Amino acid sequence: MLEVERRRTILKEIKENGIVRVSDLSELFGVSQNAIRRDLQKLEEEGLTNSNPFEVQVKKAIIKAAREVILVVTHNKFGVKALAPVTPITAVHKIITDDGLSQSEINTFRQRGIETILA
């Protein structure tokens, strides 16, 4: 199974079960736990995630109804692995964070058209 297919299946497992364990996914796919962690990292990079499946549903509904999506988050939340995707980062219009975010991360968001404010 290709990595892309495995990631799609991981997302399906999360949607169906609400939460999954790295060890269970490793066994399911017959790959190392490190491979699963890399998959989860890639999935996180592709969008916002949350480890609480109940919060995910609420956040998705709010984002769907919103005219503008503003992400207010401390810098240490970027790069943190969570299991349930909320929305792609491209759905975010503005990020408000503290001054701990690196300049390269700020530039990446701004290049994607996301207004980034350090508070």
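For region 16-34, residues that are within 15 Å of Pro53 (Cβ to Cβ) and touching a residue at least 12 places away in the same chain (Cβ under 8 Å) total 3.
Of the residues making up region 45-67, one or more are out of contact with any Leu (no Cβ under 6 Å at 6 or more places or on another chain), at pLDDT below 90, under 25 Å from Val4 (Cβ atoms) and part of a loop (DSSP other than H, G, I, E, B).
Pairs are defined by a Cβ separation below 7 Å, a sequence spacing of at least 6 or placement on different chains, a first member in region 94-107 that is farther than 25 Å from Ala66 by Cβ and in contact (Cβ under 8 Å) with a residue 12 or more places away in the chain, and a second member that is surrounded by 11 or more Cβ atoms within 10 Å (Cβ to Cβ) and of a type outside the set (Phe, Trp, Tyr); the pairs so defined are Asp99/Leu118; Gly100/His75; Gly100/Asn76.
The values are calculated or read from the model by the stated rules, or taken from the named source; none is laboratory data. Nothing here was measured: the structure is a model prediction, and the numbers come from that model. With ideal geometry, Cβ positions are generated from the backbone for all residues, glycine too; neighbour counts draw on all protein chains shown.
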